[in-house]
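The values are calculated or read from the model by the stated rules, or taken from the named source; none is laboratory data. For clarity, every value in this text was computed on a predicted model and none was experimentally measured. Here Cβ is always computed from backbone atoms with ideal geometry, including for glycine, and neighbour counts include all displayed protein chains.
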Amino acid sequence: MNKIGWIFLLLAFIFIAAEAATKMPDPYKVLGIPRDADDDQIKAGFKKRSKKYHPDRNTVDPRAKEKFEKVVNAYELLKDP
């Protein structure tokens, strides 16, 4: 592959990575809490949503695992002040 091919491949990768980064869901919406939520509200939102979407408890929804992972990621992001 020549230099132009590598440059094109690199630019395509950067574009795809940037596109994926902008599609990160709003952690407050994922947990169902207001933007001015305190630590207790964040924890309560996490507990509520994690119970709702836990794959072991929600065997009917095939996307439960994906939703649960989003809840965990949102909590990880918001729990640290």
For the range 49-81, which positions are within 13 Å of the chain's Cα centre (by Cα), surrounded by fewer than 16 Cβ atoms within 10 Å (Cβ to Cβ) and charged (D, E, K, R)? Lys65, Glu66, Glu69, Glu76
The chain: helices (runs of 4 or more DSSP H) wholly inside it with 3 or more residues that are modelled with pLDDT of 80 or more and aliphatic (A, V, I, L, M) are 64-78
Just to be sure, is Pro34 in contact with a Lys or Arg (Cβ under 6 Å, 6 or more places away or on another chain), surrounded by fewer than 16 Cβ atoms within 10 Å (Cβ to Cβ) and not polar (S, T, N, Q)? no
Lys43 being surrounded by 13 or more Cβ atoms within 10 Å (Cβ to Cβ) and in contact with a helix residue (DSSP H, G or I) (Cβ under 6 Å, 6 or more places away or on another chain): no
